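This report refers to the structure that appears directly beneath it.
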Amino acid sequence: MSTNPPSIGDYSPGILSLLPMIYVAWADQVLSPSEVRTLQHKVSQLASLTAEDLELIQKWTNPQSPPSRELFQNWRIILSGYAAQLPTKQRISLADLGLEMAKTVSDQATTWTETNVKS
């Protein structure tokens, strides 16, 4: 029996805020030590992450356990689907994309405008 892959609404705002960076970090199918440090630094700055968010991020940033092809493809679909909804000529950073995605599923939109989320 096949299950549907997670959709944007299946992820928390915290996960969505980091998903573009996680996707790019794994784009070459290798997570380097510097990429792990960068992601860990970003995670340490986000006070709004839940215990479940932290557990999932730790799983996804383990260089010894790359995401499955299906999960990586799902991330691409979520990111490209959301990016396609943006105004056609608007260019935004990965951090901005993550924040915009987080806002779509959060009932606390003000949390996802914090400057430390983007730093």
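Things to note:
- Inter-label distance for Asp10 and Leu86, nm, one decimal - labels placed 7 Å from Cα along Cα-to-Cβ: 2.4
- Cα shape, region 11-64, gyration tensor, a/c 1.5 rule: prolate
- Stretchable slack from Ser68 to Ala47, in nm (0.36 nm times residue separation minus alpha-carbon distance): 4.7 nm
- Net charge over other residues, Cβ less than 13 angstrom from the Cβ of Ala25 (K, R count +1; D, E count -1): 0
Every number here is computed from the coordinates shown, using simple stated rules; none is lab data. All figures in this text were calculated on a predicted structure; none of them were measured in a lab. Positions of Cβ are generated from backbone atoms using ideal geometry, with glycine treated the same way; all protein chains shown enter the neighbour counts.
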